[in-house]
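Asks: Pasting a structure below so you can have a look.
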Amino acid sequence: MPERMTCPVLVQLVTEYLEGVMPPEDAAQFEEHLGRCPPCEVYLVQFRKTIEICGRLPEEVLPVEVKETLLAAFENWKANR
Amino acid sequence: MSDGTSASAILLSDDDTALVARLREGEAEAFEELVDKYHSALVRFARLYVPTHELAEDVVQETWMGVLRGLDRFEGRSSLKTWIFRIAANRAQTKGKREARTVPFAALASTEAGQEESVEVDRFLPPDHAERPNFWSTLPLDFDNQPEARLLSDETFAEIRRAIDTLPPMQATVITLRDLQQWSSTEVREALDITEANQRVLLHRARTKVRRAIEDYFARANGTGAPSDA
């Protein structure tokens, strides 16, 4: 019987696996594959790191004129409540 | 005026409750915090409704005005961010109609979730390969070998922003809300009115492309990738 959880299949399923919504039997196959396939394990680590780095992205700096406009609107709101 | 935490506000998190109280007291720094936190994500979100970045910026300007106008009446029946994004959705819908762009989100999400090839197909040997069918043809780069300083460098952050900017709009919005703003899948699904399955597919596609952008950047930085003139 050909293997169902091949490397190309596994990489499609990483988010499903990480979200914890994968059916248990698929999750077992997913983990079994990881246990014997170092590149797929590296891929999973890459994926987790990617999510982690995204979560640590600093807030974007707004153009000064945008911020000034908004802060002026705030002062205006304050004065006219 | 310290009764900003009346019974109706009990659904708010402590952080939201404190922020709302500071806003109502007229503290400009509190408003600045709010703007810093949500402005870019709101522009990304508004862009789903309107055809240009400029119009999305207009929508978000109007959203902030709406937030100020509604602040004294805000009852905390939803989280602060849900309330703000709902105001943005209303403004954007109005403007989107005027600009004749009314593709339902569900349709946009299905298109973006369905139209592409499976992810990473180019990384694998063909299924009929004699020795290693379906195995990696280009091994993934080990991020754990990267210096910590590079993982979280301004250059890495810039690569991520560039990668997100090139994503289709739904994918860009989903990864921004989920992974940058740390929303739950339920919050994203409700804000965008898309199914759980579509949300997951969009997120996976977005993460896959961002992952690739980081890998390519690290490979170049290691000098093992495509020649760079940097």
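Asks: Using Stokes-Einstein with the Kirkwood hydrodynamic radius over Cα pairs, what translational diffusion coefficient do you get for the stretch B:7-98 at 25 °C and a viscosity of 0.890 mPa s, in µm²/s rounded to a whole number? Please report the intermediate quantities before stating the final value.
Replies: On the way: Rh = 13.5 Å.
After rounding, the answer is 182 µm²/s.
Asks: Could I ask something else about it? Kindly rank B:43-50, B:144-151 from highest to lowest mean number of other beta carbons found within 10 Å of each residue. Walk me through the numbers on the way to the answer.
Replies: On the way: B:43-50: 23.1, B:144-151: 11.5.
Highest to lowest by the protection proxy: B:43-50, B:144-151.
Asks: Please compute the average number of Cβ atoms from other chains found within 10 Å of each residue's Cβ in peptide B:195-204. Working shown, then result.
Replies: Details: counts 0, 2, 2, 0, 2, 5, 3, 1, 5, 9.
The shielding value for this peptide is 3.
Asks: Would you kindly enumerate the cysteines in the protein assembly as shown that have no other Cys beta-carbon under 4.7 Å from their beta-carbon?
Replies: A:C7, A:C54
Asks: Normalised by the residues of the stretch B:48-165, what does the relative contact order come to in percent, with Cα pairs under 8 Å and at least six apart? List each step's numbers first, then the result.
Replies: Numbers: 54 pairs, mean separation 25.1, N = 118.
RCO, the stretch B:48-165: 21 percent.
Asks: Could you give each residue of the stretch B:52-64 its phi-based ³J(HN,Hα) in whole Hz, using Karplus coefficients 6.51, -1.76, 1.60 with θ = phi - 60°, and x for Gly or Pro?
Replies: Per-residue couplings from phi come out as 10, 4, 4, 5, 5, 4, 4, 4, 6, 4, 5, 4, 5 Hz.
Asks: Can you give the percent of C-alpha pairs in the stretch B:105-222 whose distance is more than 21 Å? Show your work: numbers first, answer last.
Replies: Values: 3320 of 6903 pairs.
Tail of P(r) above 21 Å: 48 percent of Cα pairs.
Asks: Explain nothing, just the number: relative contact order of chain B, from Cα pairs under 8 Å at least 6 residues apart, as a whole percent. Can you show the working numbers first?
Replies: Working: 200 pairs, mean separation 43.3, N = 230.
Rounded, it is 19 percent for chain B.
Asks: Find the Cα radius of gyration of the stretch A:7-79, compare it with 2.2 N^0.38 Å by division, and give the number to two decimals. Could you put the intermediate results ahead of the total?
Replies: On the way: Rg = 21.9 Å, N = 73, 2.2 N^0.38 = 11.2 Å.
Ratio of Rg to 2.2 N^0.38 Å for the stretch A:7-79: 1.95.
Asks: Can you give the relative contact order of the stretch B:105-222 as a percent, counting alpha carbon pairs under 8 Å and 6+ residues apart? Please list the in-between numbers first.
Replies: Values: 92 pairs, mean separation 40.8, N = 118.
Relative contact order, the stretch B:105-222: 35 percent.
Asks: Follow-up question, since we're still on this one. For the protein assembly as shown, state the semi-axes of the equivalent ellipsoid (square roots of 5 times the eigenvalues of the alpha-carbon gyration tensor), sorted largest first and rounded to whole angstrom. Show your work: numbers first, answer last.
Replies: Values: eigenvalues 332, 88, 72 Å².
Over the Cα atoms of the protein assembly as shown, the ellipsoid semi-axes are 41, 21, 19 Å.
Asks: Excluding residues on the same chain fewer than 8 positions from B:K97, give the lysines whose Cα lies under 28 Å from its Cα.
Replies: Qualifying lysines at Cα under 28 Å: A:K67, B:K37, B:K81.
Asks: Still on this structure, I have one more. Averaged over A:70-80, how many beta carbons belonging to a partner chain fall within 10 Å of each residue's beta carbon? Present the calculation step by step, with values, prior to reporting the outcome.
Replies: Values: counts 11, 5, 0, 6, 12, 3, 2, 10, 8, 1, 1.
The shielding value for this peptide is 5.
Asks: Excluding same-chain residues fewer than 8 positions from B:K209, which lysines have a Cα within less than 23 Å of its Cα?
Replies: Of all the lysines, those that pass the test against B:K209 - Cα under 23 Å, at least 8 places apart if same chain - are A:K49.
Asks: Moving to a separate point now. Other chains near B:165-171: what is the mean number of their Cβ atoms within 10 Å of each residue's Cβ?
Replies: Across the residues of B:165-171, the mean count of other-chain Cβ atoms within 10 Å is 0.
Asks: Once label points are set 7 Å from the Cα along Cα→Cβ at both B:H53 and B:E29, what is their separation, rounded to one decimal in nm?
Replies: 3.2
Asks: Where Rh is the Kirkwood radius over the Cα pairs of chain B, the temperature 37 °C and the viscosity 0.692 mPa s, what D in µm²/s does Stokes-Einstein return?
Replies: Values: Rh = 20.2 Å.
After rounding, the answer is 163 µm²/s.
Asks: Using a simple spin-label model with points 7 Å from Cα along the Cα→Cβ vector, what separation in nm is obtained for B:E148 and B:D165?
Replies: Modelled inter-label distance: 3.0 nm.
Asks: For the pair B:E196 and B:H129, how long in nm is the line joining their label points, each one 7 Å along Cα→Cβ?
Replies: 3.5
Asks: Separate question: Given a 10 angstrom Cα cut-off, can you work out which residue in A:L57, A:L34, A:L13 is the most mobile in a GNM of chain A?
Replies: Checking each option, the largest mean-square fluctuation is seen for A:L57.
Taken together, the values in this text are just the output of simple stated rules run on the coordinates, not laboratory data. Treat the numbers as computed from the prediction; the structure is a model and nothing was measured. No Cβ is skipped: glycine too gets one built from the backbone with ideal geometry, and neighbour counts run over all protein chains shown.
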